[in-house]
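Below you'll find the structure, written out as structure tokens, and then a few comments.
The values are calculated or read from the model by the stated rules, or taken from the named source; none is laboratory data. Keep in mind that what you see is a predicted model, and the values were worked out from it rather than measured. Note: ideal-geometry Cβ built from the backbone for every residue, glycine included; neighbour counts use all protein chains shown.
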Amino acid sequence: MGRGKVEIKRIENTNSRQVTFSKRRHGLFKKANELAILCDAEVGVIVFSNNGKQYEFASNSMEHTLARYNGAPESIENGAAALEVNAFRVEIAMLRQLQRRLMGEELKGLNFKELQHLEHQLSEAILAVKDRKEQELMQKLKKSLLQAEKVMLENEALREQIDELKRSSALKKNSVGDPDSDACA
């Protein structure tokens, strides 16, 4: 005698529903395990009961299976990110140490050759700063010379205007100051 066909609908009796949930969950996990073993597949099953309790089965770790499902294997992603972060940390530490040494701090432990190299770097830096300062001063000097030339041209134009006004004023005085000069002639 075979089993009868079970109608798929919600079981109303709470106890029967809980027993069925437990048995079918166990059967589902058993089938998932068999699939993983027989087919060398990575299987992950997550089930939530009606009261919110979580049950899970994973042939590997659930985190690895979920990461793979999301398209990025966690081990590769985290490994590459960790290597990159470590490389940046090492580079930042080296740059901070170099900065402190350039400021004259943490010089203990440096040998003669390293101190000479540091001195050479500082000398080059000082020369670069002096060159930049000289360029700035030359630009300011050129700007000042252009302004001075402009002021001189403006002064010359004003002197010409003053001379013009003096001449026209002198002519007016001569013509107004001597009325008989026109009459006598």
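Looking only at the range 7-31, residues that are modelled with pLDDT of 95 or more and small (Gly, Ala, Ser) come to 1 in all.
Per this entry, GLU56 is not counted among residues that are of a type outside the set (Phe, Trp, Tyr), closer than 30 Å to GLN18 by Cβ, touching a helix residue (DSSP H, G or I) at 6+ places or on another chain (Cβ under 7 Å) and assigned to a helix (DSSP H, G or I). Checking each residue in the range 1-37 for being part of a helix (DSSP H, G or I), of a type in the set (A, V, I, L, M) and more than 16 Å from ASN60 (Cβ to Cβ) picks out VAL19, LEU28.
Mind checking whether some residue in the range 21-32 is surrounded by 15 or more Cβ atoms within 10 Å (Cβ to Cβ), farther than 29 Å from ARG10 by Cβ and out of contact with any strand residue (DSSP E or B) (no Cβ under 6 Å at 6 or more places or on another chain)? No. Only one entry in GLY44, GLY71, GLY109, GLY52 is exposed (fewer than 10 other Cβ atoms within 10 Å of the Cβ) and closer than 30 Å to ILE11 by Cβ, namely GLY52.
Among the conditions (1) surrounded by 11 or more Cβ atoms within 10 Å (Cβ to Cβ); (2) without any contact (Cβ under 8 Å) to a residue 12 or more places away in the chain; (3) assigned to a helix (DSSP H, G or I), the only one that PHE88 does not satisfy is (1). Is the range 134-154 home to any residue that is among the acidic types (Asp, Glu), modelled with pLDDT of 85 or more, more than 31 Å from the chain's Cα centre (by Cα) and not in a helix (DSSP H, G or I)? So far as the range 134-154 goes, no, none of its residues is among the acidic types (Asp, Glu), modelled with pLDDT of 85 or more, more than 31 Å from the chain's Cα centre (by Cα) and not in a helix (DSSP H, G or I).
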